[in-house]
1. Among (1) among the β-branched types (Val, Ile, Thr); (2) in a helix (DSSP H, G or I); (3) modelled with pLDDT of 80 or more, there is one condition Val202 misses while meeting the rest; what is its number?
2. Answer yes or no as to whether Leu193 is within 20 Å of Pro9 (Cα to Cα), surrounded by fewer than 24 Cβ atoms within 10 Å (Cβ to Cβ) and not small (Gly, Ala, Ser).
3. Tell me which residues, restricted to the stretch 67-92, are modelled with pLDDT of 75 or more and loosely packed, with under 13 Cβ neighbours inside 10 Å.
4. Looking only at the stretch 21-43, decide whether some residue is modelled with pLDDT of 85 or more, buried (at least 24 other Cβ atoms within 10 Å of the Cβ), in contact with a Gly (Cβ under 6 Å, 6 or more places away or on another chain) and under 25 Å from Ala146 (Cβ atoms).
Amino acid sequence: MTLDWYMYPLIILAGAAAGTINTLAGNGSAITLSLLLFLGLPADIANGTNRVGVLAQSFTAVSTFRKRGLAPLMKAGKWLILAGVLGAICGAMVVAEINEAILEKVIGGLMVMMLFVVLIKPKRWLQESVQQTDQRQWLSILVFFAIGFYGGFIQMGFGIFFLAAAVLVARYSLIDANIIKLIVVVLFALPVLLIFVWNGQVNWKYGLLLAIGQAAGGWFAAKFALEHPRAKIWIHRLLIIMILAVIAKLFGLFDWLITVF
């Protein structure tokens with residue numbers, strides 16, 4: 001497929017926006033997946049192509065977050081990281097008949113619940129990391145495996161679910177939760193991408209253009225999280241905005257507004 005000249009910067013710009021949103025909150029893939037589908041890619045190839053940019057964005061963001069010191073965080077959360085990675089690989093490999101309409105409604109319902117949690121308990125999202133008990137860690141491992149499975153199956157919305165689990169279940173601070181999320185994505189993005197490559201479900205032209213933008217977005221977002229004194233507050237606000245956007249999309253509110261206006 002031949003691209004007009006103006007589509008190249010548009011794809012890179014969309015990648016930059018998605019990379020920033022994915023690094024700080026989640027659901028940036030809603031931008032890139034929508035664009036890839038708009039450009040005419042089949043859903044399975046769009047899903048696979050999207051992983052190229054996700055890998056680039058996460059690697060760049062994690063490299064920038066190294067200033068915070070990743071080793072202690074990785075050591076403390078090694079079982080959660082492993083659970084998330086294994087879940088993602090399983091999710092990418094699984095072949096099942098899923099009713100997409102029902103799945104969207106379930107995700108939408110979860111997002112509505114999560115919105116209430118984020119709004120009702122805002123202080124929990126702004127606290128520092130808390131050491132887990134053994135009982136809570138086992139619960140976290142199961143939850144992270146399930147969310148990793150979802151992330152391997154479809155990237156969109158993964159970051160929001162992951163942050164909710166990391167903050168509310170595993171008791172990480174919002175900044176540390178973001179770092180753990182990115183480490184998990186870096187570790188599972190390559191094997192998941194290879195699975196899509198093996199199945200011929202990657203368009204490299206679009207994927208590499210997205211990767212340029214998402215790497216830049218990931219770098220910018222990581223620097224913001226590290227250097228801005230009110231980063232946790234702004235990330236919390238962005239998370240609320242992205243949850244609202246997902247709810248609006250899944251329940252058709254965007255289409256309703258278009259018909260009204």
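1. For Val202, the exception is condition (2).
2. No; evaluated as a whole, the condition is false for this residue.
3. Start the filter on the stretch 67-92 by keeping residues that are modelled with pLDDT of 75 or more, which leaves 78-92.
Listed by number, the list holds a single entry, Lys78.
4. no
The values are calculated or read from the model by the stated rules, or taken from the named source; none is laboratory data. All figures in this text were calculated on a predicted structure; none of them were measured in a lab. Note that we place each Cβ from the backbone using ideal geometry, even for glycine, and neighbour counts take in every protein chain shown.
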